[in-house]
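Presented below is the structure to which this report refers.
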Amino acid sequence: MKTPVEVIEIKKRGENIAQRDLEDFLAGYMQGSVADYQMSAFLMAACIKGLSEEEVVTITSCIKESGNCRPKENFGKPVIDKHSTGGVGDKPTIVLLPLLASMGVLVPTLAGRGLGHTGGTVDKLEAIPGLKQQYSWADAQKLLERNGAAFLTQSDDIARLDKRLYALRDVTGTVDSIGLITSSILGKKLSEELDGLVLDVKYGSGAFMPTYEDAQSLASLLMKVSTFMGTEAKVLLTDMNEPLGEWAGNGVEVMEALMMLRGKAVERRFYEVTISLAEAMYQLAFPTDSRNVRERLVARLQSGKAYEKFLDIITAQGVAKETADNLDEILAPPELIGVVRSDRAGYVSEVNAHALGTLLIKMGAGRRVLSDGIDHKPGLRFLKKRGDKVDSGEALMEVYASKEIELPHISEIYTITDEDVKLPPYVNSLEKS
Ligand code: URA
């Protein structure tokens, strides 16, 4: 059996770690014989030297096996989930879960906290007081039987290894590895015992994969490992070169998602990405029922049924009725403390979404070290997005925060050009790319 240092050194040299040695190393981490600092060194070596497909499959299996799997009782429904590789303002999960559950799909979503400069669904939903998201599978099944969906996360019973690795990667600069992202996502998702999985692979300044080509490599690996491990997956590649939607933060993103769930108008790209993901999930769930899927999804939102389902889900997960009745007030942003304005006339051609994610961390909406708590209130509101025409002095972004912060200079975030810009499509499928 190799010592932890030997395993780290194999990866440092860029060599393949034998399956048994990698399994022992990961088990040692769970049992306490491999320390956090040794795991951090391994993760950094994996980021820099890469992981082989065999290593990714081993880590994925170890994450899946580090907790229990969902009991296979499906209550007569297809079991489908969706996962995003992470971005800024990335909130579709909050809409998709109740929307699909309201249409007869079982959606046992295991989501994560903020990772690196990106936000996490679990942190966002914690803005709702009382909402419990850590369950055992036995208890989660009761929620699923009752409502067809549950907002869940890694726990002592579910994907325990990912719970620890995820938190460590968040604060050690070891997120942006194709192999680590693949094993983290699939290790937990496959413990849900799914019939199908939709993957939203993001590319651009706010994603972990800056270029479209990197995102394609991540998408291919996700598809390959998921298929190898027996779960059908469908990939959409979506643009993350600017935050998704009008708001980024925690509570403010839930507020924006609730607007969509209530059938109200929301920012175009957020709407399109979410509806496309919903269509993909529905098609995996009911492959022979392809008539007017989009129209039926939209009708569910407009009828209020999807929002009713959201309320059923959160109240089953510990939220008091009084809280559920007052979400708008609870999720409202704090004080407006500053506005970023354009310093010239032209068109918004680029937005540095990574810088915006980092700004949110500085505002308290994300973590710098493992033990950091989160402020769920702060938020950024985007008044102008790529392709918009702006005048000199016009407001581009509003900053809402609980404490004073130094506002970034406009040049750190926005590029304004004379020429209008051609925007990429909202959504690409892996086959078309
Ligand atoms: N989402 C995850 O669950 N894990 C990652 O590593 C990245 C995104």
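Just one of Tyr203, Tyr212 is touching a strand residue (DSSP E or B) at 6+ places or on another chain (Cβ under 9 Å), of a type in the set (Phe, Trp, Tyr) and either within 16 Å of the ligand (Cβ to nearest atom) or open to solvent by less than 10 Å² (accessible area, probe 1.4 Å) (or both); which is it?
Tyr203
Residues to consider are Leu131, Leu106, Leu51; find the one that is open to solvent by less than 10 Å² (accessible area, probe 1.4 Å) and modelled with pLDDT of 95 or more.
Just a single option satisfies the conditions, and that option is Leu106.
Which one is farthest from Glu329 (Cα to Cα) among residues in region 256-313 that are surrounded by fewer than 18 Cβ atoms within 10 Å (Cβ to Cβ) and among the hydroxyl-bearing types (Ser, Thr, Tyr)?
Here the answer is Thr288.
Looking only at region 117-165, count every residue that is part of a loop (DSSP other than H, G, I, E, B), within 16 Å of the ligand (Cβ to nearest atom) and not aliphatic (A, V, I, L, M) and tell me the total.
The total comes to 7.
Would you pick out the residues in region 241-292 that are of a type in the set (Ser, Thr, Tyr), modelled with pLDDT of 95 or more and more than 18 Å from the chain's Cα centre (by Cα)?
Tyr282, Thr288 - these are the residues of region 241-292 that are of a type in the set (Ser, Thr, Tyr), modelled with pLDDT of 95 or more and more than 18 Å from the chain's Cα centre (by Cα).
Of the conditions (1) closer than 28 Å to Asp325 by Cβ; (2) in contact with a strand residue (DSSP E or B) (Cβ under 8 Å, 6 or more places away or on another chain), Thr274 satisfies every one except a single condition; which number is it?
Going through the list (1) closer than 28 Å to Asp325 by Cβ; (2) in contact with a strand residue (DSSP E or B) (Cβ under 8 Å, 6 or more places away or on another chain), Thr274 breaks only (2).
Condition first: at pLDDT 95 or above, more than 15 Å from Tyr29 (Cα to Cα) and either within 24 Å of the chain's Cα centre (by Cα) or among the charged types (D, E, K, R) (or both). Now tell me which residues in region 65-77 satisfy that.
Of everything in region 65-77, those that are at pLDDT 95 or above, more than 15 Å from Tyr29 (Cα to Cα) and either within 24 Å of the chain's Cα centre (by Cα) or among the charged types (D, E, K, R) (or both) turn out to be Asn68, Cys69, Arg70, Glu73, Lys77.
Determine if region 292-309 includes at least one residue that is under 17 Å from Ala150 (Cα atoms), among the acidic types (Asp, Glu) and touching a residue at least 24 places away in the same chain (Cβ under 8 Å).
Among the residues of region 292-309, at least one is under 17 Å from Ala150 (Cα atoms), among the acidic types (Asp, Glu) and touching a residue at least 24 places away in the same chain (Cβ under 8 Å), which makes the answer yes.
With Gly76, Gly87 as the choices, which residue is within 13 Å of the ligand (Cβ to nearest atom) and either within 28 Å of Leu380 (Cα to Cα) or open to solvent by 10 Å² or more (accessible area, probe 1.4 Å) (or both)?
Gly87
Residue under question is Ser342, and the condition is that it be of a type in the set (S, T, N, Q) and modelled with pLDDT of 95 or more; does it hold?
So Ser342 passes the test.
Counting just the residues of region 171-190 that are over 23 Å from Glu73 (Cα atoms) and more than 11 Å from the ligand (Cβ to nearest atom), which one comes out surrounded by the fewest Cβ atoms within 10 Å (Cβ to Cβ)?
Among those that are over 23 Å from Glu73 (Cα atoms) and more than 11 Å from the ligand (Cβ to nearest atom), it is Gly173.
Would you please name the residue that is most open to solvent (accessible area, probe 1.4 Å), looking only at residues in region 360-414 that are assigned to a loop (DSSP other than H, G, I, E, B) and of a type in the set (Asp, Glu)?
Ranking the candidates gives Glu406 first.
Of the residues that sit in region 225-237 and are among the aliphatic types (A, V, I, L, M) and over 19 Å from Tyr426 (Cα atoms), which one is surrounded by the fewest Cβ atoms within 10 Å (Cβ to Cβ)?
Of all residues in region 225-237, those among the aliphatic types (A, V, I, L, M) come to 225, 229, 233, 235-237.
Subset that is over 19 Å from Tyr426 (Cα atoms): 225, 229, 233.
Numbers: Val225: 24, Met229: 16, Ala233: 22.
Step by step, filter region 225-237, then rank; the result is Met229.
Please specify each residue of region 215-224 satisfying the condition of being more than 15 Å from the ligand (Cβ to nearest atom) and open to solvent by less than 20 Å² (accessible area, probe 1.4 Å).
Let us first name the residues in region 215-224 that are more than 15 Å from the ligand (Cβ to nearest atom), namely 216, 220, 223-224.
Scanning region 215-224 gives no hits.
Out of (1) under 23 Å from Gln31 (Cα atoms); (2) in contact with a strand residue (DSSP E or B) (Cβ under 9 Å, 6 or more places away or on another chain); (3) within 12 Å of the ligand (Cβ to nearest atom), what's the single condition that is false for Leu168?
If we test Leu168 against (1) under 23 Å from Gln31 (Cα atoms); (2) in contact with a strand residue (DSSP E or B) (Cβ under 9 Å, 6 or more places away or on another chain); (3) within 12 Å of the ligand (Cβ to nearest atom), just (2) comes out false.
Could you check Leu244 against (1) within 16 Å of the ligand (Cβ to nearest atom); (2) part of a helix (DSSP H, G or I); (3) touching a Phe, Trp or Tyr at 6+ places or on another chain (Cβ under 7 Å) and say which number it fails?
Here Leu244 meets the rest and fails (2).
From the list Glu232, Glu193, which residue is away from the ligand (no atom under 13 Å from the Cβ), touching a Cys at 6+ places or on another chain (Cβ under 9 Å), assigned by TED's automatic domain parsing to the domain that holds Val107 and in contact (Cβ under 8 Å) with a residue 12 or more places away in the chain?
So the residue among Glu232, Glu193 that is away from the ligand (no atom under 13 Å from the Cβ), touching a Cys at 6+ places or on another chain (Cβ under 9 Å), assigned by TED's automatic domain parsing to the domain that holds Val107 and in contact (Cβ under 8 Å) with a residue 12 or more places away in the chain is Glu193.
The values are calculated or read from the model by the stated rules, or taken from the named source; none is laboratory data. Every value quoted in this text rests on a predicted model; they were computed, and no experiment measured them. As a convention, Cβ positions derive from the backbone with ideal geometry for all residues, glycine included, and neighbour counts pool all protein chains shown. Side chains included, ligands, DNA and RNA excluded: accessible areas come from the protein's heavy atoms. Shrake-Rupley method; radii C 1.70, N 1.55, O 1.52, S 1.80 Å.
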